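The structure appears below as structure tokens.
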């Protein structure tokens, strides 16, 4: 525990907790749209931004925010026109983004260690300025995703209905695209571009095995993200493992535990129901 | 003189250069219940989608409540019931959460839900007979109950005009009756209805006018036509395929 007396470990923990809370709050909307992998695509584009930042001697995180936002908005515009199929657009992003990043990093003076820090995360090298960026952007993201939940839920659930309800569908879609880019870039320091999607998607997948509603799923996913981030950093500090990988593996372990427990619970309930009196068919209508 | 709720004048709609509707004109007055009938692919769904601005007009004009569609902003006056629940549902959602979406047009994006919203959602759930299922995930409901959820969502917004796309297609008899009851309540409060249907079933006595779309034009506008031939047989099993009509985009559900 004494490791957490060091400021760099405290920064790593705070950064991880903010990301653990914010990433599922955005990720749930992506999962609802069955776009679980879009975060991965935007993450790859962000790598090009990192390369550009290193090459131009600017803050890689800030340049990555700008490039990832442009990429996410471009995807949204392509989607809104409905000209390219989803998986093809994703493929272009994945390979274009990572190739651009690797090429630009190669052109700069950065070493492969620099590249690795962005590919797989480097929580313990977060500077105080980085932490301020993560906390401020994470807080803005969290408040936006919670405050606009009814509208974002409606748009992700049934876009045509949302349009007929007069909601600003295009603005909300762009907001989600920008939110994805921001999440990706702040989470990049924690888990790296290759593992970002895990923090957005895995807690949601875990939560929805036991929840019945959207709001409950969102709350549970945020709690799970917070737990995985905190426990992951603790494990990494004590076992001297890579923090990003530890966080993601803990999130996946929670998924497996919940899946097994939920399946056992359902089997038990079924058994009990079969041994008792046969349950009547549920009513189709309520007669009043 | 009643205000015309929907006015379509010489509307032309096409997909990828293929005309679907050619020169269609239609007027719906307040208090009317107009059924749009026609075969699969006749363009009847396209007609109501054009009325709502979901597909663009190539020529002609649409006005809602006397305002040209392009300048129309009072969407809280309209309740839309799509053919089915969209594929958007990677995450579970309760019946109440889906129905509560219907309040957004009235409330706006930024204001959190209040007491009036809760009361309207409760009333809508009761009117379609789903009050006891409010906390259940919509995915666990039968097709007919899901359809009733969508109708409750539209009713929760307390609209003046309901636009329904095949509300009774593939719906069990009990849900059709529950739906007809909800519609009757809506009409008693002075509502106007435009609906697309293959078969009218228990809705038939509620319909005040029928419009038959055939080959992209309006073939009949007046009394509800009587079923003919084997369609009139009480044992006629009205079954037909419902193909997907929308390409799935990247960010869409």
- In the stretch B:188-214, which residues are in a loop (DSSP other than H, G, I, E, B), at pLDDT 85 or above and closer than 20 Å to residue B:24 by Cβ? B:207, B:208
- Are any residues in the stretch A:1-39 in contact with a helix residue (DSSP H, G or I) (Cβ under 7 Å, 6 or more places away or on another chain), buried (at least 20 other Cβ atoms within 10 Å of the Cβ) and not in a helix (DSSP H, G or I), and if so, which ones? A:33
- Message: Any residue at all in the stretch A:197-219 that's more than 20 Å from residue B:93 (Cα to Cα), without any contact (Cβ under 8 Å) to a residue 60 or more places away in the chain and more than 14 Å from chain B (Cβ to nearest Cβ)?
- Response: yes
- Message: Just checking: which of the helices (runs of 4 or more DSSP H) contained wholly in the stretch A:74-178 hold 2 or more residues that are within 28 Å of residue B:164 (Cα to Cα)?
- Response: A:149-157, A:159-164
- Among the residues of the stretch B:100-136, the number that are farther than 14 Å from residue A:166 by Cβ and outside any loop (DSSP other than H, G, I, E, B) is 17
- Message: Which residue is nearest to the chain's Cα centre (by Cα), if the candidates are limited to the stretch B:3-18 and must be surrounded by 14 or more Cβ atoms within 10 Å (Cβ to Cβ) and farther than 30 Å from residue B:190 by Cα?
- Response: B:13
- Note on the structure: Selection over the stretch B:139-172 where residues are within 13 Å of residue B:100 (Cβ to Cβ) and modelled with pLDDT under 90 yields a count of 0
- Which one of these is under 18 Å from residue B:191 (Cα atoms), in a strand (DSSP E or B) and in contact with a helix residue (DSSP H, G or I) (Cβ under 9 Å, 6 or more places away or on another chain): B:164, B:150? B:164
- Message: Going residue by residue through the stretch B:27-46, is there one that turns out to be within 14 Å of chain A (Cβ to nearest Cβ) and within 17 Å of the chain's Cα centre (by Cα)?
- Response: yes
- Task: Could you check, for the stretch A:55-78, whether at least one of its residues is at pLDDT below 85, surrounded by 24 or more Cβ atoms within 10 Å (Cβ to Cβ) and farther than 23 Å from residue A:136 by Cα?
- Result: yes
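The values are calculated or read from the model by the stated rules, or taken from the named source; none is laboratory data. Quick caveat: nothing in here was measured; it's all calculated off a predicted structure. Note that we place each Cβ from the backbone using ideal geometry, even for glycine, and neighbour counts take in every protein chain shown.
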